[in-house]
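Accompanying notes for the structure given below.
The values are calculated or read from the model by the stated rules, or taken from the named source; none is laboratory data. Just so it is clear, the model here is predicted, and its values are computed rather than measured. Cβ: placed from backbone, ideal geometry, glycine included. Neighbour counts: every protein chain shown.
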Amino acid sequence: MIRSRASKSTSGDYVETVPEDMLQAERQERIVDWFDHNVGGSNQELARLFNASVSTIRRDLDALAARGIVRRTHGGAVRTRQQVTEEQSIVEARGTAVEEKRAIAVEAARRLSAGQSILIDTGSTVYPFAQLVADLKIPLTVVTSDLMVANMLTDKPHIQLIVPGGLCRSEAFTLLGEPGFSFLRGLRVDQFFMSAQAVDEQCVSDTFLELVTLKRLMLDATTHTILLIDSSRFASRAIHRVADLTGIQEIITDDGLGDAEYQRYLQLNVKITRARTDVPTL
């Protein structure tokens, strides 16, 4: 007898009813279809959606990763992206590659020392880092145009917080335009902790032109930029070039980046660090 059930996704929508004895090839093709509409998922979520065991889903994801369709992450997978045309929503982005972003944040925090001035970019990848900055208790001057980052650092006695200002971007937490852009042109800081939608062996890129302008101004305000980017965003490119790799002093990613790809960046003389996802705290 074939049994089936309807499953509910994290967004609250019900997905197609899935037979419990679905053949492996058919199940994997349905997983591929699911990744066409979702950036990433955990082993547990996919097991529920496709009515399979977690171990079965792990094998399916390994097979799809071998075909280059998805990239494995700690506890799940994300779709492989070649050309990025749209940003994730903040809610979606914050729920993707959570362990990887936390590991990146821990490694990035090791680059901080008392008395530094730093720029923190906008976006979900830098939020765990900003929270660590708030908890470290070492004196820092922090400049950010992200309201969520600023909220994390508000009323922290060890943080001198500067928010340049501007118009809040629709459906995001980023302040863009004037007077912030003019302020950044006159700024000089020790380090810039940057995020991006995509990176390949030529450049860092992003999807929204005015946001790219903000990032370029921040790049100009420092001589030491550290790109914080999870492994799912490698080998892809968004429409707007932000900076050549020669303008980035270090890339910090997670240990989901494969050895071959990691070695290619080293051969390009790019300093790149893979943060371990099994080291959650400093």
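Looking for whichever is more than 21 Å from ASP230 (Cβ to Cβ) and modelled with pLDDT of 85 or more here; the options are SER55, SER9. Which one fits?
Values: SER9 fails: modelled with pLDDT of 85 or more.
Sole residue among the options that is more than 21 Å from ASP230 (Cβ to Cβ) and modelled with pLDDT of 85 or more: SER55.
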Members of the stretch 176-203 that are under 14 Å from LEU214 (Cβ atoms) and of a type outside the set (A, V, I, L, M, F, W, C): GLY177, GLU178, PRO179, GLY180, SER182, ARG185, SER195, GLN197
Residue list for the stretch 141-178, filter: closer than 19 Å to ALA221 by Cα and charged (D, E, K, R): ASP146, GLU178
Pick from the stretch 256-282, criterion of a type in the set (A, V, I, L, M, F, W, C) and under 23 Å from GLY40 (Cβ atoms), ranking: surrounded by the most Cβ atoms within 10 Å (Cβ to Cβ): ALA275
Qualifying position, being of a type outside the set (Ser, Thr, Tyr), within 23 Å of the chain's Cα centre (by Cα), assigned by TED's automatic domain parsing to the domain that holds ILE252 and farther than 19 Å from LEU228 by Cβ, among ARG169, ARG102, ARG110, ARG188: ARG169
Condition broken by LEU214, with the remaining ones in (1) over 17 Å from GLN249 (Cβ atoms); (2) of a type in the set (A, V, I, L, M, F, W, C); (3) free of Cβ contacts under 8 Å to residues at least 40 places away in the same chain; (4) buried (at least 20 other Cβ atoms within 10 Å of the Cβ) satisfied: (3)
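Every residue, every condition in (1) closer than 26 Å to THR273 by Cβ; (2) modelled with pLDDT of 90 or more, yes or no:
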residue	(1), (2)
ARG30	no, yes
GLU45	no, no
GLU87	yes, no
ALA103	yes, yes
In the stretch 166-178, the residues that are in a loop (DSSP other than H, G, I, E, B), at pLDDT 95 or above and surrounded by fewer than 18 Cβ atoms within 10 Å (Cβ to Cβ): GLY177, GLU178
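Determine whether the stretch 242-255 contains at least one residue that is in a strand (DSSP E or B), surrounded by fewer than 18 Cβ atoms within 10 Å (Cβ to Cβ), assigned by TED's automatic domain parsing to the domain that holds GLN191 and not hydroxyl-bearing (Ser, Thr, Tyr). Give the derivation first.
Of the stretch 242-255, the ones in a strand (DSSP E or B) are 242-244, 250-254.
Within this subset, residues satisfying the condition of being surrounded by fewer than 18 Cβ atoms within 10 Å (Cβ to Cβ) are 244, 250.
From what's left, assigned by TED's automatic domain parsing to the domain that holds GLN191: 244, 250.
With the extra rule that they be not hydroxyl-bearing (Ser, Thr, Tyr), the set shrinks to 244, 250.
Within the stretch 242-255, one or more residues are in a strand (DSSP E or B), surrounded by fewer than 18 Cβ atoms within 10 Å (Cβ to Cβ), assigned by TED's automatic domain parsing to the domain that holds GLN191 and not hydroxyl-bearing (Ser, Thr, Tyr).
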The stretch 216-268: number of residues that are on the phi > 0 side of the Ramachandran plot and of a type in the set (Ser, Thr, Tyr): 0
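Which one of these is in contact with a Cys (Cβ under 9 Å, 6 or more places away or on another chain) and modelled with pLDDT under 90: ARG241, ARG237, ARG233? So that I can check it myself, show each step before the final result.
On the way: ARG241 fails: modelled with pLDDT under 90; ARG233 fails: in contact with a Cys (Cβ under 9 Å, 6 or more places away or on another chain).
ARG237 is the lone residue from the list that is in contact with a Cys (Cβ under 9 Å, 6 or more places away or on another chain) and modelled with pLDDT under 90.
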